[in-house]
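For reference, the structure is listed below as structure tokens.
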Amino acid sequence: MTQHYIGLMSGTSMDGVDAVLAALDGARWQGALGHFAVPYSPDLRQRLLALQDSGAHEIHRSEMLAQELARLNAQAVHGLLAQQKLAPADIAAIGAHGQTVRHAPEHGYTVQLINLPLLAELTGIDTVGDFRCRDMAGGGQGAPLVPAFHQAVFGSPGHSRVVLNIGGIANISVLQPGTPPHGFDTGPGNMLADAYIQQRFGQDCDRDGQLAAGGHVIPELLQALLAHPYFRRPPPKSTGRDLFSHDWLQGYLKPNYGPPHIVRTLNAFTAQTIADAIATHAPDAREVFVCGGGVFNPVLMGELAERLAALGIRTASTNELALPPQWVEAAAFAWLAACRLQRQPGNPHAATGAARPYVLGAWHCA
């Protein structure tokens, strides 16, 4: 029987909440039906970013933000329901990711802020969340979780392909016929360029790559960034702001580097680390389907397409696979919620490094 689920996602870019309405038969994907987004205010984003580092009254601030995020996610749910002319009773469950503020797999923990019981109360819908911790308890990285969803929705029985998400962090899912999906975080996606733009100009991002388009790559800066030891580590691996912070970037910038050239180099850095990862870990792939906010940056996509074309790989967006790129991650958490209700494992343990498949998520009844 086909049921409706809502997936909620806010990624490391911290720009807002995406809500996606999905249809599933059990845990079998039937399609995405609608999307609604609620942006973060600049003040909320700054308060979330402040939790990346230790500070005064951390616990109180994080709990208050978890409540605020529950209300914002509930706003996204109600907006989507109104848009689709549905009632809470029409939804089997919500899958809510929350907002990552710390990710420390080397210490066995990850923090995705959201008050899940409050979200269930505010929406009147059963809510599933806290997906990553069960994988970590089994020795995994807790990330990336999306390769299993990508396999279920985008896998091809005939040939290998890669699904690439470029959000704040970039990650790949390698989908090969007859093989469990695997993948990992390749490194920074939009995160470093966004942070630089915000610090330098007070803007959220380099809209449409306009600043980068007027710059050129600074070879010595690119090589310095590529020397980070993360890129030499074998999978499974995952990363975040804890490792690639704005402060880390600042250590490599020189006064004579102009802003357009810095941003262009950061685009090239993201593209190069992605291309290197695909060349090493998906040598048989001949197509890469891109989702996430990075797909809307023509400079970044040009840098990436040029490098992948040199490997004989075609680049396209997930629009070609009937799922808009800005919907994919939220859709994944709708699918994970369905997996939880069906008691079906959702972690791609070959990607995360967990001991075995696990049923993910804490279920809060409305």
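Readers should treat all values here as calculations from the given coordinates under stated rules, not as data from a laboratory. Just so it is clear, the model here is predicted, and its values are computed rather than measured. Here the Cβ positions follow ideal geometry from the backbone for every residue, glycine too, while neighbour counts run over all protein chains shown.
Can you list the residues of the range 164-191 with backbone N under 20 Å from a point 7 Å past the Cα of Arg207, pointing along Cα to Cβ?
The answer is 168, 190-191, whose backbone nitrogens lie closer than 20 Å to the label point.
How big is the equivalent ellipsoid of the range 147-321 along its three axes, where each semi-axis is √(5λ) from the Cα gyration tensor, reported in whole Å from largest to smallest?
Semi-axes (√(5λ), whole Å): 28, 16, 14.
Let's see if you can work this out: charge +1 on each Lys and Arg Cβ, -1 on each Asp and Glu Cβ, no other charges. What is the dipole magnitude of the chain about its Cα centre, in debye to the nearest 20?
460
Over the Cα atoms of the range 283-352, compute the convex hull volume and normalise it per residue, giving Å³.
Per-residue hull volume (Cα only) is 115 Å³.
What shape does the range 92-210 have by the C-alpha gyration tensor, where a ≥ b ≥ c are the square roots of the eigenvalues, rounded means a/c under 1.5, and otherwise prolate means a/b greater than b/c and oblate the rest?
Taking the square roots of the gyration eigenvalues as a ≥ b ≥ c, the range 92-210 is oblate.
Need one number: % antiparallel among DSSP beta bridges in the chain, to the nearest 5.
Within the chain, antiparallel bridges account for around 70 percent of the total.
Less than 15 Å Cβ to Cβ from Arg233, Lys/Arg counted +1 and Asp/Glu -1: what total charge do the surrounding residues give?
Taking every other residue near Arg233 into account, the sum is -2.
Along the three principal axes, how long is the chain when you take its alpha carbons, biggest first, rounded to the nearest angstrom?
The principal-axis extents, from largest down, are 58, 52, 39 Å.
For Ala148, what charge total do you get from the other residues with a beta carbon under 14 Å from its beta carbon, if Lys and Arg give +1 and Asp and Glu give -1?
Taking every Cβ under 14 Å from that of Ala148, the sum is +3.
Just want to confirm a number: the relative contact order over the range 147-321, from Cα pairs under 8 angstrom separated by 6+ residues, in percent.
27
What dipole magnitude, in Debye to the nearest 20, does the range 147-321 give about its Cα centre under +1 on Lys/Arg Cβ and -1 on Asp/Glu Cβ?
My answer is approximately 220 debye.
For Glu121 and Thr2, compute 0.36 nm times the residue count separating them, minus their Cα-Cα distance, and round to one decimal in nm.
Gain on stretching Glu121 to Thr2: 40.4 nm.
Suppose the chain between Asp247 and Glu106 were pulled fully straight at 0.36 nm per residue; how much longer would it get relative to their current alpha carbon spacing?
So the extension gain works out to 48.7 nm.
Can you put Asp206, Asp53 in order, fewest other beta carbons within 10 Å first?
Asp53, Asp206
Considering the zone a paramagnetic label at Gln199 would reach in this model (a point 7 Å from Cα along the Cα-to-Cβ line), which residues of the range 238-262 have amide N under 17 Å from it?
Of the residues in the range 238-262, 240-262 have backbone N under 17 Å from the label point off Gln199.
Using only Cα atoms, find the angle between the long axis of helix 328-341 and the longest principal axis of the chain, and express it within 0 to 90 degrees, rounded to the nearest 10.
40
For Cα pairs less than 8 Å apart in space and 6+ apart in sequence, what is the mean separation divided by the residue count of the chain, i.e. the relative contact order in percent?
24
Let me have the 222 nm mean residue ellipticity of the chain computed from DSSP H runs of 4+ only, each contributing -39500 (n - 2.57), with the sum over all residues rounded to the nearest 500.
-11500 deg cm²/dmol
Net charge near Gly361: determine it from the other residues with C-beta under 10 Å of the C-beta of Gly361, scoring Lys and Arg +1 and Asp and Glu -1.
Local charge sum for Gly361: +2.
Fully extended, how many nm does the chain gain between Met64 and Arg28 (0.36 nm per residue separation, minus their Cα-Cα distance)?
Full extension of this stretch gives 9.3 nm more.
Mind jotting down the three principal axis lengths of the range 262-314 based on Cα atoms? Whole angstrom, largest first.
Rounded to whole Å, the extents work out to 32, 18, 16 Å.
Using the Kirkwood radius over Cα pairs, work out the Stokes-Einstein diffusion coefficient for the range 1-144 at 4 °C and 1.567 mPa s, in µm²/s as a whole number.
Using the Kirkwood radius from Cα pairs, D works out to 82 µm²/s.
Quick one: of the DSSP bridges fully inside the range 147-321, what percent are antiparallel, nearest 5?
Expressed as a percentage, antiparallel bridges in the range 147-321 total about 60.
Taking the Cα centre of each part, how many Å lie between the range 262-324 and the range 107-147?
If you average the Cα positions of each part, the centres end up 28 Å apart.
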